[in-house]
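Okay, so here's the structure we're looking at.
The values are calculated or read from the model by the stated rules, or taken from the named source; none is laboratory data. From a predicted model like this one, the values you see are computed outputs, not experimental measurements. So basically every Cβ, Gly included, is an ideal-geometry build from the backbone, and we count neighbours across all protein chains shown. All accessible areas refer to the heavy atoms of the entire protein, side chains included, with ligands and DNA or RNA removed. Shrake-Rupley method; radii C 1.70, N 1.55, O 1.52, S 1.80 Å.
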Amino acid sequence: MELVSGEDECLCQRQRYCVERPIYTQEYLQEQLHLRKNEPPSIVRRISHSCRCSGKKAKSQLYSFLPILKWLPRYPVKEYLLGDIVSGLSTGVMQLPQGLAYALLAAVPPVFGLYSSFYPVFLYTFFGTSRHISIGTFAVISLMIGGVAVRIAPDERFQIGGMNSTNSTEELEKIYERDALRVQVAVAITLLTGLIQLCLGILRFGFVAIYLTEPLVRGFTTAAAVHVFTSQLKYLLGIKTTRYSGPLSVIYSLVAVLSNIKTTNIASLIVGFVCVALLLGAKEINDRFKKKLPVPIPMEIIVVIISTGISAGLTLKDTYGVDVVGNIPTGFRPPALPDYNLFSAVFVDAVAIAVVGFSMTISMAKIFALKHGYAVNGNQELIALGLCNSVGSFFQTFAVTCSMSRSLVQESTGGNTQIAGLLSSIMVLLVILVLGYLFEPLPQTVLAAIVMVNLKGMFKQFADIPHLWRSSKIELVIWVVSFLASVTLGLDYGLLVAVAFAIVTVIYRTQSARYQILGQVPNTDIYCDVEEYEEIKEFSGIKIFQANTSLYFANSELYVSALRKKTGIDPGAILIAKKKAQKRHAKELKKAKSTEKRAVLKLTNDVEMAVKHELMDDEPMTDLSANVKNGSADRNTHNTPSEELEYFMTPVINVHSIILDFTPVNFIDSVGAKTLKSLMKEYKEIGVDILISGCNGLVMQDLTRLNFFDQTIKRDCVFHSVHDAVIHCKFKASCSALTSSEEQVLTSDTQSQT
């Protein structure tokens, strides 16, 4: 009667609990909700829909491919034109000397830097989506191209001497042949770079830049600054050395410069250091008074003009042996097809240049777009860069990208649209057509000074090291690995190593996840780490386990180990202990039985002798053997190792439920599902239930697709939240306790009646 009343009370509690707060299991949700009947369209229908053309769709595609058609008709002339003119002139003034200087980095004659500052900039005006970046030559890309050109066309191949070279006709012919081959290499790699970027843009692969994380790019560009600075030392000092490329090229270049330091041209050194001082001073003034100055001081073009005049007036080349720019032909070269035989030799380098160039462009474009409130399209930027490089390669340009220094000048001087870039390209056009020959006496040490001073911003990135040390050690390691690999192995192999290491860090983060036991914030449904806050309390008999990672093949074993360690329950150890206890108990029980038999036999013989003695004394005979046997049996019964068996067979486990918080889990694979299934079965054997909470829809789809649920593991073990799972465990424990107490009362009454 009492048992029935206990069941009624338990049932009432369950009904009251379900009324106050229903258990949102996955099974409950499936019973209450109905899936939408969305039939996916067939493949034929998709193809026909994509091929269907309408006026609106054609207009949208045209605007997407040529963004200038969208913004140019609505161009506010009165508001934007003056700012674009000032910005275009300021940027063009920088574009001229940088084009000449970065051509030296690309190992091609300076005039090709002017070509690369015109064609791509002009094309980007029509196809680009960013209004403020300045497309053109850039130190990092130029150096990567120069490394490939020097590798394929080294000086040794043409028997060109180093410091002992002369200006003989034969020597000049060899230099001309070397430069012609290097131009072919630069043009071939530019065409491949453009085609790769164009294909990635058409295939909507604009997301590839996300694999170049910011610490990786900053470490890579800092290493590139070291390469550039080292390569320009010989021009600054007027030393003639061989140009190196590939692994350890920085060390070889430094050794070559230091070993020939005695041959320094004093005139080149003086001119170079004066230009460096003037450029650094102008940059400092521009940075400090940029809000007061209407336009930045164009010290680069001023230095170029003054040094060109001094060089021509004092005949520095003939009098002091100062190396100058040399022949700059007037006008453009006719378009020509790049040498496709070089494609196989430069393909890998072209991939690296394409990705790095796009990464530079899209990062700067997003910064300015966020600042000025408009959007840029990554895929269209890829298409624009691809067209700039591939089309420009037919006119002997080398690969280009966004320049950080020129972009900052273009934006700070009032540039509003791509009209500023168009005006800067027109300035370069005038120099190519009319004024190019005037820059022939320009000393190369001046160009080296311009390049070195423009590296100032990149060298400032060394300040990232203490900042990353305080904020993120892993990102600091990525920065350092990217820097060291790029400095020692070269920019191409260094980039590959850096990207591979960055991917490895992602795997490491998933494998070294944070595992924690959660507890409840009092009087709330919020759960936090019990080791972090003092007020957090755990529920008796319930462990809530959380890992801030997904469950898949790479971390499934770590997940299991962390669960056992954090909860303090190892099913395997408990089951092994039970088996050992059973074996030990069986041995001791067998031993006890054999001892009992020997004792009974001995006592029986003693009793028989005593009976005989009593009969001889004529005393009454008693049934002592039975009493002795019963007594020996009682003693042996009390001496059995039942206490030890009880201890090992029912180990002290105060936990009856473990809740796995799957809120941070984004996906689970087949290995993870098998691991989870095995866990639930192991813990079930020792009387511990495992529940899952916080699964999102994608994880549930993964579990269903992987056949996780079956007759032994049903969907009612999955709960909507941790709090729902906790309430379910508490209710189940209270019902079990109530049922067991009723059974104990009934058993005690039965024994008393008996």
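For the stretch 467-566, which whole percent of the accessible surface, found with a 1.4 angstrom probe, sits on carbon and sulfur atoms?
Answer for the stretch 467-566 is 59 percent, counting heavy atoms of protein chains only.
Give me the extension gain from residue 507 to residue 573: residue separation times 0.36 nm, minus the current Cα-Cα distance, reported in nm with one decimal.
20.7 nm
Over the stretch 499-602, what is the relative contact order in whole percent, taking alpha-carbon pairs under 8 Å and six or more residues apart? Intermediate values should be presented prior to the final figure.
Working: 79 pairs, mean separation 22.7, N = 104.
Computed over the stretch 499-602, the figure is 22 percent.
Whole number in Å², please: accessible area per residue of the stretch 459-605, 1.4 Å probe, ligands, DNA and RNA not counted.
On a per-residue basis, 60 Å².
Rounded, prolate or oblate: which fits the stretch 672-735, taking a ≥ b ≥ c as square roots of the Cα gyration tensor eigenvalues, rounded meaning a/c under 1.5, else prolate when a/b beats b/c?
Since a/c reaches 1.5 but b/c is at least a/b, the shape of the stretch 672-735 is classed as oblate.
Which of the chymotrypsin sites (Phe, Trp or Tyr not before Pro) found in the stretch 221-322 are in a DSSP loop and have at most 16 neighbouring Cβ atoms, other than their own, within 10 Å? Can you show the working numbers first?
Values: sites: 229, 235, 244, 252, 273, 289, 320; in loops: 244, 289.
Answer in residue order: 289.
Taking R0 as 35 Å, what's the FRET efficiency between residue 565 and residue 462 from their Cβ-Cβ distance, rounded to 0.05? Walk me through the numbers on the way to the answer.
On the way: r = 41 Å, r/R0 = 1.17.
Computed FRET efficiency for residue 565 and residue 462 comes out at 0.30.
What is the dipole size for the stretch 126-224, taken about its Cα centre, with +1 at each Lys and Arg Cβ and -1 at each Asp and Glu Cβ, in debye to the nearest 20?
So the dipole magnitude of the stretch 126-224 works out to roughly 540 debye.
Evaluate E = 1/(1 + (r/R0)^6) for residue 45 and residue 71, where r is the Cβ-Cβ distance and R0 equals 41 Å; express this FRET efficiency to the nearest 0.05.
Numbers: r = 35 Å, r/R0 = 0.86.
Once rounded, the FRET efficiency stands at 0.70.
Could you run the Karplus curve 6.51 cos²θ - 1.76 cosθ + 1.60 with θ = phi - 60° over the stretch 55-61 and give me ³J(HN,Hα) per residue in whole Hz, x for Gly and Pro?
Taking θ as phi minus 60°, the curve returns x, 5, 5, 5, 5, 5, 5 Hz for the stretch 55-61.
Report the full-extension gain for the segment residue 734 to residue 157: residue separation times 0.36 nm, less the Cα-Cα distance, to one decimal in nm.
198.9 nm
With every protein chain present, what is the per residue accessible area of the stretch 126-284 (1.4 Å probe, Å²)?
Per residue, the stretch 126-284 has an accessible area of 43 Å².
Keeping the other protein chains in place, figure out the carbon and sulfur percent of the accessible area of the stretch 194-264, with a 1.4 Å probe.
Here carbon and sulfur together make up 70 percent of the probe-accessible area.
At R0 = 45 Å, how high is the FRET efficiency between residue 666 and residue 297 if r is their beta carbon distance? Nearest 0.05 is fine. Working shown, then result.
On the way: r = 52 Å, r/R0 = 1.16.
Between residue 666 and residue 297 the formula returns 0.30.
What's the carbon and sulfur percent of the stretch 389-440's accessible surface, probe 1.4 angstrom, rounded to a whole number?
Solvent-exposed carbon and sulfur of the stretch 389-440 make up 80 percent of the total.
By how many nm would the segment from residue 262 to residue 333 lengthen if fully extended, with 0.36 nm per residue of separation less the alpha-carbon distance?
21.5 nm
Roughly how many Å² is the accessible area per residue of the stretch 333-393, as a whole number, for a 1.4 Å probe? Before the final figure, lay out the partial values.
Numbers: 2520 Å² over 61 residues.
Using a 1.4 Å probe on heavy atoms only, each residue of the stretch 333-393 averages 41 Å².
Any idea of residue 227's accessible area? Nearest 10 Å², probe 1.4 Å.
20
Under 1.5 on a/c is rounded, so check that first for the stretch 368-518, then, if it is not, pick prolate when a/b is larger than b/c and oblate when it is not; a ≥ b ≥ c are the square roots of the alpha carbon gyration tensor eigenvalues.
It comes out prolate by the Cα gyration axes.
Please work out the Cα center distance from the stretch 60-75 to the stretch 410-436, rounded to the nearest Å.
Using only Cα atoms to place each centre, the spacing works out to 21 Å.
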